[in-house]
1. Among Lys34, Lys12, Lys22, determine the one that fluctuates most according to a GNM of the chain built with springs between C-alpha atoms less than 10 Å apart.
2. Please give the net charge around Leu42, taking every other residue with its beta carbon less than 13 angstrom from that of Leu42, where Lys and Arg add +1 and Asp and Glu add -1.
3. Using a Förster radius of 35 Å, what is the FRET efficiency between Thr72 and Ile48 based on their Cβ-Cβ separation? Nearest 0.05, please.
4. List the aspartates and glutamates whose alpha-carbon lies under 16 Å from that of Lys12, not counting same-chain residues fewer than 8 positions away?
5. Under a Cβ-Cβ cut-off of 14 Å, what is the net charge of the residues other than Leu26 that fall near it, where Lys and Arg count +1 and Asp and Glu count -1?
6. Using a Gaussian network model on the chain with a 10 Å cutoff between Cα atoms, which of Arg36, Arg11, Arg55 fluctuates the most?
7. How large is the accessible surface of Lys18 in square angstrom, using a 1.4 angstrom probe and rounding to the nearest 10?
8. Over region 28-76, what percent of the accessible surface lies on carbon and sulfur atoms, probe 1.4 Å?
Amino acid sequence: MGWLFMLWIKRKFWVASKIYDKSKELSKEYIPLKIRISFFILFLLFFISMEIVWRMMFEFLIAYLQMWEALTSFIS
């Protein structure tokens, strides 16, 4: 959704399009390829780590709710 929103903004407002093009050009000019690749790899590792944390959080929530249901049915 963010990507589509960015494309919509770029098409709708010419100033945003010029800013995007100029920033892309400057970033390629001043940031070495090695650092850009390192940043991309770091982003992917962070994203995968957060996906694992997200899944663990929901697995814990499912287990907690199953334990709660078992305990409340035992008491009743």
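The values are calculated or read from the model by the stated rules, or taken from the named source; none is laboratory data. This is a predicted model, so every value here is computed, not measured. Every residue, glycine as well, gets a Cβ built from its backbone with ideal geometry; the counts of neighbours run over all protein chains shown. What goes into the accessible areas is simple: the full protein's heavy atoms, side chains included, and nothing from ligands, DNA or RNA. Shrake-Rupley method; radii C 1.70, N 1.55, O 1.52, S 1.80 Å.
1. Lys12
2. Working: positive: Lys34, Arg36; negative: none.
So the environment of Leu42 carries a net charge of +2.
3. Working: r = 37 Å, r/R0 = 1.04.
It comes out at approximately 0.45.
4. Within the straight-line limit of under 16 Å, Lys12 reaches these aspartates and glutamates: Asp21.
5. Details: positive: Lys18, Lys22, Lys24, Lys28, Arg36; negative: Asp21, Glu25, Glu29.
Result for the local shell: +2.
6. The residue with the greatest mean-square fluctuation here is Arg11.
7. Looks like 130 Å² after rounding.
8. Details: 4000 of 5110 Å².
Roughly 78 percent, rounded to a whole number.
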